[in-house]
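To start, the structure itself, in structure tokens.
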Amino acid sequence: MLAELSSAGIAVAVLVGVWTLYTIADVTQFPYDASTWSYAGMGAPALLGIWLIVELLSLPDTPDRPLLGRFMVRTMVVGPVLFTAAWLLGSLLLLVLTLTGGIVPELNETESPVAELLLNAFLTWLVGFAAVLCGALVGLVFVVLPVLSWRDPARAASINAEPAPRGSLARARLERMTFAGMLMLIFLAPSLWVSGESNARGRNAVEAFQNTWLAIVDFEPSWWDRYLWDVLWVLGMLSALLLVGSVVAVVVMRKPQKGESPRGRAADRGGE
């Protein structure tokens, strides 16, 4: 774990810890009137997870520390430990302030100021812990894999324990970029589709497309209020179609090329 620590990662953890500290204090004192920054601070630990994974782009691999192993260590150990340490220090500071009257928690779920603070701190830690893991996954899928797929296709393939793509560099890039796009669409398509369909003005897909067309043709500030969810629904449906197309493209590109038998290709890969 210590080998994966860096001054930049610690600095981001401190920044996230300060934001989390502010969030706990604000929500504890004003549970019904907390600022937007406070509620956003509950997801701020995702920034730590994203940074720890994006940082891998500038770090070389070694035989004893491959990319996949470093990703797992940073996601499951380094990120949660750094966030927990920052959260613990912040919670102790808030506890001292509560005992000395520096902050006055509003009793909402408990009958004691200290218990109220500890409950809010614990709930914030649960959300933050999950945010660190989700941030690491987002950093991998939306940043690291696309960049590596273009810069170093062989290294990008190692993240999911696959052999390096065969053929020219252009073909290897195309194969890995398509695979990276497929992973991004796996996350984007359902979220856009579900959120858009649940709130869209259109009662069906046809009306959603019509409203989206109106939003494009009659572009004005009011479209944001009227047709935003219809646009998201349409984007979700288009993303689903692209996802199917990318899956087919990945399968086709991974078929043995003409004149190359599957057994021979597997043997070549095993020898790489």
For P(r) over Cα pairs in 10 Å bins from 0, in percent, one of [x] 6, 28, 37, 24, 5, 0; [y] 7, 32, 38, 19, 3, 0; [z] 6, 21, 22, 24, 18, 7, 2, 0 was computed from the structure I shared and the rest are decoys. Which label?
[z]
Which of the listed residues, S198, L183, T100, is farthest toward the dipole's positive end in the chain, when Lys, Arg count +1 and Asp, Glu count -1 at the beta-carbon?
L183
Of all accessible heavy-atom area on the chain, the percent that carbon and sulfur account for (1.4 Å)
71 percent
Helical mean residue ellipticity (222 nm; -39500 (n - 2.57) per DSSP H run of 4+; nearest 500) of the chain:
-23500 deg cm²/dmol
For the stretch 1-142, the per residue accessible area (1.4 Å probe, Å²) is 50 Å²
Only helices at least 30 Å long along their axis, Cα-based, and averaging -1.0 or more on Kyte-Doolittle count here, so list those DSSP H runs from the chain.
7-29, 79-100, 113-139, 169-199, 223-253
Heavy-atom accessible area of M76, protein chains in place, probe 1.4 angstrom, given in Å² to nearest 10, is 110 Å²
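The values are calculated or read from the model by the stated rules, or taken from the named source; none is laboratory data. Values in this document were obtained by computation on a predicted structure and should not be read as measured data. Heads up, the Cβs are rebuilt from the backbone with ideal geometry, glycines too, and the neighbour counts pull from every protein chain shown. Ligands, DNA and RNA are stripped out before the accessible areas are found, and what is left, the full protein with its side chains, is counted by its heavy atoms. Shrake-Rupley method; radii C 1.70, N 1.55, O 1.52, S 1.80 Å.
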